[in-house]
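What follows draws every value from the coordinates through simple rules; no lab data is involved. None of these values were measured; they are calculated from a predicted model. Glycine also receives a Cβ, built like all others from the backbone with ideal geometry; neighbour counts cover every protein chain displayed.
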């Protein structure tokens with residue numbers, strides 16, 4: 001009798017086991033360096049359309065990479081979202097990503113916005129870009145004096161420039177690109193010239209640099225484009241009044257083009273929900289998700305054929321500009337040399 005009851009119980013539990021496993025599998029563990037409130041709708045729509053619940057850990061790029069290393073094989077992470085080419089490169093080099101094969105992603109995302117291709121697949125995919133633009137005081141500065149990155153080091157801009165820390169990933173990626181264009185010796189001389197032209201020591205974020213131009217603390221600044229668009233679209237009259245004073249330049253339109261930084265994602269090396277991870281990555285390349293990047297956070301989509309209708313991006317002249325085309329992995333590979341140059345020239 002007891003044996004019969006036991007067999008019945010085991011059989012009953014075995015019927016429910018697939019349902020329990022299915023319930024547990026309807027989850028995605030996301031480590032994200034994207035701290036934008038507009039992304040909440042992105043995640044909610046993915047869950048609504050797939051039934052896959054997202055557990056999210058937020059940190060900056062460096063913190064996420066450090067956490068992945070510390071957790072090792074025990075890491076619960078399935079997908080990693082980072083907001084800088086140098087960090088994506090570092091995660092790739094450190095073996096923290098799992099190469100994946102996806103016809104959807106390879107068909108949507110151009111090769112220049114992807115990580116390393118291996119026999120096992122591609123290591124990461126870029127989903128949106130930001131331009132590293134130059135801002136200037138419309139009254140005190142001539143546009144033609146700041147329409148290239150090289151001019152930031154020209155003596156004519158002595159005492160004019162505000163910029164955030166040289167070691168911030170956004171600047172490291174810009175400087176890595178400039179090193180690729182100019183060569184190491186000329187790039188170091190350029191960095192030295194930028195330091196000589198600073199109006200004050202580097203501090204704050206990109207928005208602080210823009211506001212410093214508007215307040216007269218300096219006359220020229222460098223910023224990622226989405227910070228500019230955010231101020232232009234702000235409901236605060238002071239922000240909009242500020243942007244009336246500040247001009248925007250997409251540098252180097254007559255040479256190599258404006259530097260782009262990238263936000264992208266990868267499947268974690270030890271992902272336990274890898275099928276869900278690939279679904280999520282493919283969703284980020286969809287027209288719906290790409291429009292969230294464009295209209296929600298003022299970024300340019302990377303997926304082919306996606307139309308952008310963001311009025312701020314258009315107003316700043318960003319609907320048709322020449323962007324540089326050097327491989328993002330090359331930029332990442334220059335980071336160590338760039339940091340050494342920053343130390344030598346005293347770029348804080």
**OP:** Could you order peptides 168-178, 184-194 by the average number of other Cβ atoms within 10 Å of their residues, highest first?
**Re:** 168-178, 184-194
**OP:** Kindly express, to the nearest 10 degrees and within the range 0 to 90, the angle between helix 39-50's C-alpha long axis and the longest C-alpha principal axis of the chain.
**Re:** 30
**OP:** Using only Cα atoms, find the angle between the long axis of helix 274-284 and the longest principal axis of the chain, and express it within 0 to 90 degrees, rounded to the nearest 10.
**Re:** 40
Subject >> Spin-label model distance (nm) - residue 47 vs residue 254, 7 Å beyond Cα toward Cβ >> reply: 5.3
Subject >> residue 57-residue 150 pseudo-label distance in nm [points 7 Å out on the Cα-to-Cβ vector] >> reply: 4.6
Original post:
Can you give the extra length, in nm with one decimal, that the chain gains between residue 238 and residue 275 once fully stretched, where that is 0.36 nm per residue apart less the Cα-Cα distance?
Top reply: 8.6 nm
Subject >> Distance-filtered residues of region 113-157 - backbone nitrogen under 17 Å, label point 7 angstrom along residue 322 Cα→Cβ >> reply: 132-134, 144-151
Original post:
When 101, 245, 211 are ordered from fewest to most other Cβ atoms inside 10 Å of their Cβ, what list results?
Top reply: 101, 245, 211
Subject >> Nearest-ten-degree value, helix 169-182 long axis tilted from longest Cα axis of the chain >> reply: 60
Subject >> the chain: relative contact order in percent, alpha carbon pairs under 8 Å with at least 6 residues between >> reply: 27
Subject >> Inter-label distance for residue 217 and residue 315, nm, one decimal - labels placed 7 Å from Cα along Cα-to-Cβ >> reply: 2.3
**OP:** Normalising by the residue count of region 89-186, find the relative contact order in percent from Cα pairs under 8 Å and 6+ residues apart.
**Re:** 16
